[in-house]
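The values are calculated or read from the model by the stated rules, or taken from the named source; none is laboratory data. Nothing here was measured: the structure is a model prediction, and the numbers come from that model. Positions of Cβ are backbone-derived with ideal geometry, glycine not excepted, and every protein chain shown enters the neighbour counts. Quick note on the areas: whole protein, heavy atoms, side chains included, nothing else; ligands and nucleic acids left out. Shrake-Rupley method; radii C 1.70, N 1.55, O 1.52, S 1.80 Å.
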Amino acid sequence: IGGGIKMNAGCFGKEFKDILLSIQAINKKGNLLTIPSNEINFDYRNNDLPEDLIFLSASFKGVKSDYSKVNSEVKKMKSLKEKNQPMKIKTGGSTFKNPPNKKAWKLIDEAGCRGLQNGDAMISQKHCNFIVNLKKSSSQQIEELAKIVQEKVFKKSGIQLDWEIQRVGIR
């Protein structure tokens with residue numbers, strides 16, 4: 001949940017900002033904070049929350065609805081996801097942010113990267129904005145593959161793809 005809040009994750013036209021009421025967190029000074037969502041400036045896959053927060057909990061708004069309607073909607077969304085995204089295989093989710101008025105997957109596909117491999121890291125055949133771990137890919141192989149994709153997309157389109165995945169550690 002913390003990662004979803006921090007990057008304003010979303011799919012199918014909805015983002016965390018659309019349902020978040022408030023967060024409870026601790027800052028680096030040890031202060032306990034409750035921050036209402038209307039005090040957070042959300043952007044596409046970003047917000048202005050301080051980097052040092054440790055999220056403890058969050059409150060979300062829901063809509064009361066009939067069980068069968070909710071169940072039907074969940075099944076529909078699950079089916080769409082299974083149809084369009086790699087499932088039951090190791091991925092980090094969408095790799096790159098969508099540039100303004102563009103789809104990252106389409107730019108990657110047009111640059112000829114569908115199925116491109118580096119060791120056990122591969123651009124998904126199903127959805128080009130997913131890097132899949134075929135067996136035992138290292139983070140280095142994933143980073144190298146992503147860099148190759150960024151270079152090919154830039155060469156083809158002049159567009160620089162930015163990471164959507166939040167990477168930590170030594171690069």
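Normalised by the number of residues in the chain, the average gap of Cα pairs under 8 Å and 6 or more apart makes the relative contact order 17 percent.
Among residues other than LYS135 with Cβ under 13 Å from its Cβ, the summed charge is +1 (Lys and Arg +1, Asp and Glu -1). For the stretch 89-171, a Kirkwood hydrodynamic radius built from all Cα pairs, placed in the Stokes-Einstein relation at 4 °C and 1.567 mPa s, yields a translational diffusion coefficient of 104 µm²/s. To the nearest 10, the accessible area of CYS11 is 60 Å² with a 1.4 Å probe.
Applying 1/(1 + (r/R0)^6) with r as the Cβ-Cβ distance of LEU80 and ASN38 and R0 = 45 angstrom yields a FRET efficiency of 0.90. Take the Cβ atoms of LYS155 and LYS103, set R0 to 22 Å, and the FRET efficiency comes out at 0.75.
Semi-axes of the chain's equivalent ellipsoid from the Cα gyration tensor, sqrt of 5 times each eigenvalue, largest first, rounded to whole Å?
For the chain, the ellipsoid semi-axes come out as 30, 22, 15 Å.
Could you pull out the pairs from LYS126/LYS155; LYS81/LYS147; LYS69/LYS136; LYS17/LYS75; LYS28/LYS97; LYS17/LYS155 whose alpha carbons sit more than 31 Å apart here? Display every interim value, and only then the final one.
Values: LYS126/LYS155 23 Å; LYS81/LYS147 26 Å; LYS69/LYS136 41 Å; LYS17/LYS75 23 Å; LYS28/LYS97 29 Å; LYS17/LYS155 34 Å.
Table pairs above 31 Å Cα-Cα are LYS69/LYS136; LYS17/LYS155.
Against the criterion of solvent-accessible heavy-atom surface with a 1.4 angstrom probe, VAL153, VAL70, VAL168 sort, most first, into VAL168, VAL70, VAL153. Distances between placed amide hydrogens fall under 5 Å for PHE96 paired with GLU164, all partners being 5 or more residues away or on another chain.
Each residue of the stretch 56-61 was assigned a 3J(HN,Hα) from its phi angle through the Karplus curve 6.51 cos²θ - 1.76 cosθ + 1.60 (θ = phi - 60°); the sequence is 9, 7, 8, 10, 10, 8 Hz, with glycine and proline shown as x.
Hey, can you find the accessible area per residue of the stretch 71-171 for me, probe 1.4 Å, expressed in square angstrom? Kindly include the intermediate steps, with their values, before the conclusion.
On the way: 6590 Å² over 101 residues.
Spelled out: the 1.4 Å probe surface of the stretch 71-171, per residue, equals 65 Å².
Between helix 139-157 and the chain there is an angle of about 70 degrees, using the helix long axis and the longest principal axis of the Cα atoms. How charged is the neighbourhood of ARG114? Take every other residue with its Cβ under 15 Å from the Cβ of ARG114, and add Lys/Arg as +1 and Asp/Glu as -1. Taking every other residue near ARG114 into account, the sum is +3.
How much length, in nm to one decimal, is gained on full extension between LYS64 and LYS126, taken as 0.36 nm per residue of separation minus their Cα-Cα distance? Display every interim value, and only then the final one.
Numbers: separation 62, 0.36 × 62 = 22.32 nm, distance 3.48 nm.
Extra length available between LYS64 and LYS126 comes to 18.8 nm.
The share of accessible area on the chain that comes from carbon and sulfur is 52 percent, using a 1.4 angstrom probe.
A helix-only calculation puts the chain at -9000 deg cm²/dmol for mean residue ellipticity at 222 nm, using -39500 (n - 2.57) for each DSSP H run of at least four residues, averaged over all residues.
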